[in-house]
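The structure under discussion appears below in the form of structure tokens.
The values are calculated or read from the model by the stated rules, or taken from the named source; none is laboratory data. Note that the coordinates shown come from a computational prediction; the quantities given were computed from them, not determined experimentally. Quick reminder, even Gly has a Cβ in these numbers, built from the backbone with ideal geometry, and neighbours come from all protein chains shown.
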Amino acid sequence: MEEHTHEPLARYTTLRIGGEAQRLFQPKTTEELISIITRLDQISEPWHILGGGSNLLVSSSGVKGSVIRTAQMLDIKQLDTYLIEASAGVRLPHLARFAAGLNLSGLEFLVGIPGTVGGAVVMNAGAHGSCMAELVESALIYDVKQNKLITMTKDDLSFSYRKSTIDLGSQVVVSARLNLRAGKQSEIEAKIKANEEYRLKTQPIGFPNAGSTFVNPEPNRSAGYLVEQAGLKGFTSGQAAVSQLHANFVINLGNATSTDATALIRHMQNSVYEKFSIKMRPEWKTLGEFTAEELEPWKVKVPNS
Ligand SMILES: Cc1cc2nc3c(=O)[nH]c(=O)nc-3n(C[C@H](O)[C@H](O)[C@H](O)COP(=O)(O)OP(=O)(O)OC[C@H]3O[C@@H](n4cnc5c(N)ncnc54)[C@H](O)[C@@H]3O)c2cc1C
């Protein structure tokens, strides 16, 4: 298992923002994952889970304690004709292509989502009208409070829009079983290509970002539309900016800090509230040391939070 001390985390996030973790561990197997968590709990050292870092704002002031990055847990296998099991660290585009290679359909929506299976289960990742909830049969979870591996079925996970019931403080996704359906190779490939092309046209590919900043507050009023209508396309806070291409994307212009990003998010949230009386909930998760003011946008209680 890779182990680093005083490891800068920016390179492990798609936003390229983040200070040092006191320690970073990268388990490759379930046994390594459990052994490191057990070790850290024995010495009462706080730990946090990082997947692909594609939906995450890591503090530029760093993270106290240890970060356990599950992105190197890479097993993937076909258990049955339509059933695939993928470990937490498997990248979503790789998973989509693996299934395509077996003529299995259902995962084409994942091609442009740069996260891992663990993060996608936690976040109920979705796009193009599909989401993880439709495919997950069950997830294998290391439950720290019970100190054992448990299987959570789709019902146990109670998926909702960009949410599951996984307790981020005490449950770690080890792997997931996904139910797919038979498909035609040419049709699967065509869907993958169409999804990729759509993203190239609609998302700021050239700049580091962490995907959608806010969840859509209402099905027919997207967060991007509201931010755009608030006149914020191109608005900057330090080196963080609202993308000109898609107003729900915050981009890093080069040397953005987490303070730049939180100030911008606060401004986006407040501006939309002033214009529409809608409080948007951030989709991004945070990791590390933030001030109470920086975390204000995450404190809002909204119906879908
Ligand atoms: C360009 C771009 C496009 C995107 N498009 C989409 C999209 O279309 N749809 C969509 O839903 N999302 C999208 N995202 C957001 C993101 O990719 C997804 O939310 C993804 O599922 C996050 O996975 P991750 O592994 O990167 O999680 P991370 O960002 O590493 O973590 C997210 C949360 O999950 C927790 N976590 C991660 N792994 C585990 C684990 N193994 N066990 C327990 N907890 C864990 C973390 O602690 C954190 O709280 C996009 C992001 C980018 C950068």
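Under the condition of being assigned to a strand (DSSP E or B) and among the β-branched types (Val, Ile, Thr), which residue from segment 129-170 is nearest to the ligand (Cβ to nearest atom)?
Selected residue: Ile141.
Restricting the search to segment 162-195, which residues are without any contact (Cβ under 8 Å) to a residue 60 or more places away in the chain and of a type in the set (A, V, I, L, M)?
Looking only at segment 162-195, we keep the residues that are without any contact (Cβ under 8 Å) to a residue 60 or more places away in the chain, and these are 163-167, 169-171, 186, 190, 193-194.
Of everything in segment 162-195, those that are without any contact (Cβ under 8 Å) to a residue 60 or more places away in the chain and of a type in the set (A, V, I, L, M) turn out to be Ile166, Ala190, Ala194.
Mind checking which residues of segment 116-128 are more than 6 Å from the ligand (Cβ to nearest atom), part of a helix (DSSP H, G or I) and more than 13 Å from Ala96 (Cβ to Cβ)?
Of everything in segment 116-128, just one residue is more than 6 Å from the ligand (Cβ to nearest atom), part of a helix (DSSP H, G or I) and more than 13 Å from Ala96 (Cβ to Cβ), namely Val121.
Among residues belonging to segment 33-89 that are more than 22 Å from the chain's Cα centre (by Cα) and small (Gly, Ala, Ser), point out the one that is farthest from Pro114 (Cα to Cα).
In this case the residue turns out to be Ser44.
Select from segment 197-249 the residues that are aromatic (Phe, Trp, Tyr) and either in contact with a Leu (Cβ under 7 Å, 6 or more places away or on another chain) or surrounded by fewer than 21 Cβ atoms within 10 Å (Cβ to Cβ) (or both) and list them in ascending order.
Tyr198, Phe207, Tyr225, Phe235
Take the residues in segment 196-238 that are touching a residue at least 60 places away in the same chain (Cβ under 8 Å) and assigned to a strand (DSSP E or B); name whichever of them is nearest to the ligand (Cβ to nearest atom).
Of everything passing the filter in segment 196-238, Gly211 is nearest to the ligand (Cβ to nearest atom).
Quick one: which of Ile84, Ile113 is more than 15 Å from Gly288 (Cβ to Cβ), within 16 Å of the ligand (Cβ to nearest atom), among the hydrophobic types (A, V, I, L, M, F, W, C) and outside the structural domain of Arg11 (by TED's automatic domain parsing)?
Sole residue among the options that is more than 15 Å from Gly288 (Cβ to Cβ), within 16 Å of the ligand (Cβ to nearest atom), among the hydrophobic types (A, V, I, L, M, F, W, C) and outside the structural domain of Arg11 (by TED's automatic domain parsing): Ile113.
Exactly one of (1) assigned to a loop (DSSP other than H, G, I, E, B); (2) on the phi < 0 side of the Ramachandran plot; (3) over 14 Å from the mean Cα position of the chain (by Cα); (4) touching a residue at least 60 places away in the same chain (Cβ under 8 Å) is unmet by Gly18. Its number?
Only one criterion is unmet by Gly18, namely (2).
Hey, can you tell me all the residues within segment 47-104 that are part of a loop (DSSP other than H, G, I, E, B) and within 16 Å of Lys28 (Cα to Cα)? Quick ask: steps written out before the conclusion?
First pass over segment 47-104, keeping only residues part of a loop (DSSP other than H, G, I, E, B): 51-55, 59-62, 73-75, 81-82, 88-90, 102-103.
Of everything in segment 47-104, those that are part of a loop (DSSP other than H, G, I, E, B) and within 16 Å of Lys28 (Cα to Cα) turn out to be Gly51, Gly52, Met73, Leu74, Asp75, Ala88, Gly89, Val90.
In the set Glu31, Glu7, which member is in a strand (DSSP E or B) and of a type outside the set (A, V, I, L, M, F, W, C)?
Glu7
Would you pick out the residues in segment 73-100 that are crowded, with 17+ Cβ neighbours inside 10 Å and acidic (Asp, Glu)?
Correct list: Glu85 only.
One line per residue, one yes/no per condition, for (1) touching a strand residue (DSSP E or B) at 6+ places or on another chain (Cβ under 6 Å); (2) within 15 Å of the ligand (Cβ to nearest atom):
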site	(1), (2)
His6	yes, no
Gly18	yes, yes
Phe25	yes, yes
Thr30	yes, yes
Ser44	no, no
Gly53	no, yes
